[in-house]
Amino acid sequence: MTSTETPLVRVLEADGRYAPSAAAEQYLPLIDALSDAELEQFYRDMVVIRAIDTQATNLQRQGQLALWPPSRGQEAAQVGSAYAARRQDTLFPSYREHAVTRIRGVDPVDILSVMRGNTHGGWNPLDPKNGNTRIYTLVLGSQTLHAAGFGMGLVFDGKTGTGDVERDEAVVVYYGDGASSQGDVHEAMVFAASYNAPVLFFLQNNHWAISVPVETQTKVPLVTRGAGYGIPSVRVDGNDVLASYAVSRAQLDEARSGGGPRAIEAVTYRMGAHTTSDDPTKYRGSDEEQSWAQRDPIARMRAFLEGRGAAASVFDDVETEAADAAEDLRARTVALTAPGRELMFDHVYSEPHPLIDEQKAWLEQYEASFEGGANR
Amino acid sequence: MTIETVPMSKALNAGLRKALEDDPRVLLMGEDIGPLGGVFRVTEHLHRDFGSQRVLDTPLAESGIVGTAIGLAMAGFRPVCEIQFDGFVFPAFDQITSQLAKMTNRHEGALSMPIVIRIPYGGHIGAVEHHQESPETYFAHTPGLRVVSPSTPNDAYWMIQEAIRSNDPVIFLEPKSRYWPKGEVDLSASAAPLHASRIVRRGSDVTLVGHGAMVTTLLQAAAIAEGEGTSCEVVDVRSLSPVDYGPILDSVRSTGRMVHAQEAPGFNGLGGEIAATVMERAFYSLEAPVLRVSGFDTPFPPAKLEGVYLPDADRILEAVDRSLAY
């Protein structure tokens, strides 16, 4: 099967026209049910997160962050799937899901805090304000197993499949085309399928694993991988926020209702670098980048909203909000101070540990020995 | 006092059963641990009595076992994973060292990882490649993990329960050659601290230190030495991370000499760590350098050569003689 033969769920054409593909028909009622306010919110989030992303990239360039993985281009896949998740769902992001985390309530400065070198975590996933969003992990694919295990726990606890979609819980795990080659993703799909765990495997195929093209990861469309595990899978235009939302909502509700794991391949494009450490001009051509720029998810949604008669003030408001959010993020990021040295020792273990306690005490004593002496 | 005389495999089985009864959030997971009862029968009948949601016969995937255990712990469970053999823990190594060990730290204490990973380890059973290795140093070297190894059925019964009660991840190394010899288990005692080393034989001339199956070999060596007029004290380390140095240092301060023995390769091993610490903290008590007896720095050999590779009583006694010669 070639990629052109694989059905693709698309609702909006690249120019913003509402022109659902054949595969999209069954999802249209979910889109029809969206209010104008919700549609505008999708757009608003995409614009704001892009402004935040651009700001973070700039902050890295100015030495304020050690690293930044840009999400530019992937806003629709992320915003659509994040709004598709219900309040009670648990999300396992990788390290580029800036839009997802923000929508769930995570303060973007908590992500920048990781990238600045202040913490390895950033936020407490058990704090309700963070919307059941687990912290980022930089090891590719590891989190898919954690999501499968969490989903198994939901099954064992009877928190899923009761028939009440407002209460039944599900899990969304994000990973990319590069991570799809990792053994852990395979094992996660085996476990999730074996235990009928309510896990949505949300793969963002952004076409590049740093400098390695997706063709090196797979000879078949990644969406076809799910079939081998008995996992119903759908391929969606990841630059179409409406398609991403509708398919994710439908798949998640199937999973939470006892249908077992589901998978989505969102076909999208990383418009920027993998991280601020690499240079895309070394491994891909400008023709390719320009062709994807024509499919920009934000421009597409804006054209759609304009076609529906959205007022110009809506777009002006969004621009203002985005600029304010970016400016606020900059101010709070540069104000972040280094953590106290006790952070290193206090949470290696949950219970007291003599070696760590001794070393912490030694460091305190050592540092104290300089007081009044060396200028520290 | 309720004493039962059982092999370590039965003691572990009883300890796991007790843990499953005491806490409904405890679950066991691993390959073939269900109706078969595990390849060493440590989980025998537990699947029958607790069902397949408490005793999970998992797909054959070690990274999957540990990785999903992490997710289950996040969902509030207390998973006990069985890795079938020591040499098969490495497919799970990334999940153990990069994920499990660091999870509490990365969450700045907001999250605990009450997971036990049981690994049958070590030689003496004549097994084939990957079925007898001593990987303890990899885990003891990793911050965030706790590593323990019982040497007797009584310790096995109590330590497995204490490991499951711990809110930190515990690598639980079961010396597989000790699965079958019987020993007394005191069911009415209270559990000893998990991370305590213990003097298991009193002596005055040389301190012998080791863990797991090597404790039996050290006791054999001590018995032979006694016949030759040398009095050896034997310390069972029990906890490889953190090491409880108290009884080791007390013993060395009284004997002035120490020999450490382990099955694992010597280079960068536990013996080197303990020797360095004893030297740092009891230097003026030492009458001789701390000596180490270990497996060679080779891959664990084919079974027909394991008798050459593994430290035996003679190799330990040779080190005792060298120590006494100073």
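The values are calculated or read from the model by the stated rules, or taken from the named source; none is laboratory data. Model, not experiment: these values are computed from the prediction. Here the Cβ is made from the backbone with ideal geometry for all residues, glycine too, and neighbour counts use every protein chain on show. The protein model used for the area step is the full one, side chains on, heavy atoms only, and it has no ligands, DNA or RNA in it. Shrake-Rupley method; radii C 1.70, N 1.55, O 1.52, S 1.80 Å.
Taking the longest Cα principal axis of chain A as reference, the axis of helix A:75-84 is set at about 90 degrees.
A cut-off of 5 Å between modelled amide H atoms, ignoring neighbours fewer than 5 places along the same chain, links B:A264 with B:G295. Compared with the dominant Cα axis of chain B, that is its longest principal axis, helix B:270-281 is turned about 60°. Averaged over the residues of peptide B:243-251, the number of Cβ atoms from other protein chains lying within 10 Å of each residue's Cβ is 1.
Could you give the distance between the Cα centres of region B:221-293 and region A:144-174, to the whole Å? First find each Cα centre; the distance between them is then 50 Å.
Show me B:125-136, A:279-290 ranked by packing, highest mean number of other Cβ atoms within 10 Å first.
On the way: B:125-136: 18.7, A:279-290: 11.7.
Highest-to-lowest ranking by the protection proxy: B:125-136, A:279-290.
Roughly how large is the A-B contact in terms of buried accessible area, totalled over both chains, probe 1.4 Å, nearest 100 Å²? Each step should come with its number before you reach the end.
On the way: alone 17000 and 13640 Å², together 27280 Å².
The contact between B and A buries close to 3400 Å².
For chain B, report the accessible area per residue in Å² (1.4 Å probe, heavy atoms, rounded to an integer). Before the final figure, lay out the partial values.
Working: 11970 Å² over 326 residues.
Normalised by residue count, the accessible surface of chain B is 37 Å².
Within the accessible surface of the protein assembly as shown, defined with a 1.4 Å probe on protein heavy atoms only, the carbon and sulfur portion equals 52 percent. By definition, a body whose alpha carbon gyration tensor gives a ≥ b ≥ c is prolate when a/c is 1.5 or more and a/b is larger than b/c, and the protein assembly as shown fits this prolate description. Per-residue mean of foreign Cβ neighbours for A:148-159 is 6 (Cβ atoms of other chains, 10 Å radius). Using a probe of 1.4 Å, the accessible surface attributed to B:W180 totals some 140 Å² when neighbouring protein chains are kept in position. Translational D (Stokes-Einstein, µm²/s) of chain B at 37 °C and 0.692 mPa s when Rh comes from the Kirkwood sum over C-alpha pairs? Calculated translational D: 164 µm²/s. Take each residue in A:111-120, count the other chain C-beta atoms within 10 Å of its C-beta, and the mean is 1.
Peptides A:129-138, A:36-45, ordered by how many other C-beta atoms sit within 10 Å of their residues on average, highest first, read A:129-138, A:36-45.
Quick one: of the DSSP bridges fully inside the protein assembly as shown, what percent are antiparallel, nearest 5? Let's see the in-between values first.
Values: 13 of 67 bridges.
Within the protein assembly as shown, antiparallel bridges account for around 20 percent of the total.
Within chain B, antiparallel bridges make up roughly 25 percent of the DSSP beta bridges whose residues both belong there. Rounded, prolate or oblate: which fits region B:176-320 when a ≥ b ≥ c are the square roots of the eigenvalues of the alpha-carbon gyration tensor, with rounded for a/c under 1.5 and prolate only if a/b beats b/c? The shape class here is rounded.
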